[in-house]
Every structure is written in structure tokens, then in C-alpha cells.
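Participant: Below are the C-alpha cells for one structure; questions will follow.
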Amino acid sequence: MTTVSEAAGRVARVSWQATTAASVVRVIGDLGPDTITDLRTVLAEAAGAHSWVIVDLSRTSAVHRVALNMLLAGRSAARRRGGDLLLVASPDLVRRVLHTRRMDSAFTTYPTVPRAMSRALAATGR
């Protein structure tokens with residue numbers, strides 16, 4: 001599923017796909033208040049397919065605090081189902097945003113989707 005939000009001339013895309021070990025959510029563009037409804041919908045669908053969810057922020061230019069709260073809720077839901085929510089992002093973006101919000105230890109982050117997928121595969125025994 002792919003959803004597209006457009007606000008103030010900026011376009012953001014949020015999509016997901018199921019794989020053997022996890023659902024992969026991809027975000028392109030700003031992850032802000034204008035995309036929160038799309039993110040909520042996509043996270044719910046992705047979490048419904050797998051208890052392990054990988055959120056790829058590598059093509060995200062900004063992450064708003066509202067989106068971080070949504071990701072935290074997604075992480076909690078995944079953990080209740082025996083999985084986790086893993087982030088893929090450029091270290092600078094994630095480090096800066098998470099540090100600013102004092103959420104440094106809230107998420108496990110990976111530099112690439114394949115690295116995060118390896119973690120999910122190992123956890124699920126596949």
C-alpha cells in the first residue's frame with residue numbers, strides 16, 4: 001500500500017510491504033503532522049501482517065515529534081506481539097532527532113534495510 005500526502009508544496013510517500021520476516025514501511029519526504037494519518041494507517045496494516053516492523057527513514061528529510069510519538073506507539077504494539085519496531089536511517093538524522101527529543105535509547109537503528117532484516121530474521125528463527 002502507498003499513500004501520498006501533499007502540504008505546502010511538499011510531497012511525502014508512506015508505503016509498506018510484507019516480507020518473510022517483517023513488514024517494511026518506507027517513508028520518502030518529510031515525516032510531519034501532514035503525514036501522520038498516513039503513517040498511522042500504514043503502521044497498523046504493517047503490524048497486522050508481522051510482529052516485526054522495519055521503518056525505513058533513509059529517504060526522509062525531517063521527522064516531527066508527532067511522528068516520533070506514532071513510531072513509539074508502533075514499537076509498543078510490536079513488542080506486545082513479541083516483535084519490535086526497528087528504524088533504518090542515516091545516523092545523523094536519527095541521532096539528532098532522537099537526541100533532541102531525549103529518545104536516544106528508545107529505538108534500535110540500522111544503517112540499511114538488509115541489516116535490520118537480518119535482526120528480524122534472527123529473532124524469528126528464519
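None of the figures in this text is laboratory data; all of them are computed from the coordinates on show. In this text the structure is predicted, and so the values were computed from the model without any measurement. Counting neighbours? That spans all protein chains shown, and the Cβs are built from the backbone with ideal geometry, glycine included.
Participant: Counting other C-beta atoms within 10 Å, which of 35, 124 has the fewest, and how do the rest follow? Don't skip to the end; give the middle numbers.
Facilitator: Details: 35 28, 124 15.
So the residues, fewest neighbours to most, are 124, 35.
Participant: Based on C-alpha coordinates, I'd like the Rg and Dmax of the chain, in Å.
Facilitator: Radius of gyration, then largest Cα-Cα span, for the chain: 13.4, 45 Å.
Participant: May I pose another question? So for the pair residue 76, residue 108, with labels modelled 7 Å out along Cα→Cβ, what separation do we get in nm?
Facilitator: Label at residue 76, label at residue 108, 2.0 nm between them.
Participant: What is the magnitude of the charge dipole of the chain about its Cα centre, with +1 placed on the Cβ of each Lys and Arg, -1 on the Cβ of each Asp and Glu, and no other charges, expressed in debye to the nearest 20?
Facilitator: I would put it at about 380 debye.
Participant: Only bridges whose two residues both fall in the chain count here: according to DSSP, what percent of them are antiparallel, nearest 5? Numbers along the way, then the final one.
Facilitator: Values: 12 of 28 bridges.
If I count the DSSP bridges inside the chain, around 45 percent turn out antiparallel.
Participant: So, counting K/R as plus one and D/E as minus one, what does the shell of residues with Cβ under 13 Å around residue 101 add up to?
Facilitator: Values: positive: 65, 95, 96, 102; negative: 104.
Summing Lys and Arg as +1 and Asp and Glu as -1 gives +3.
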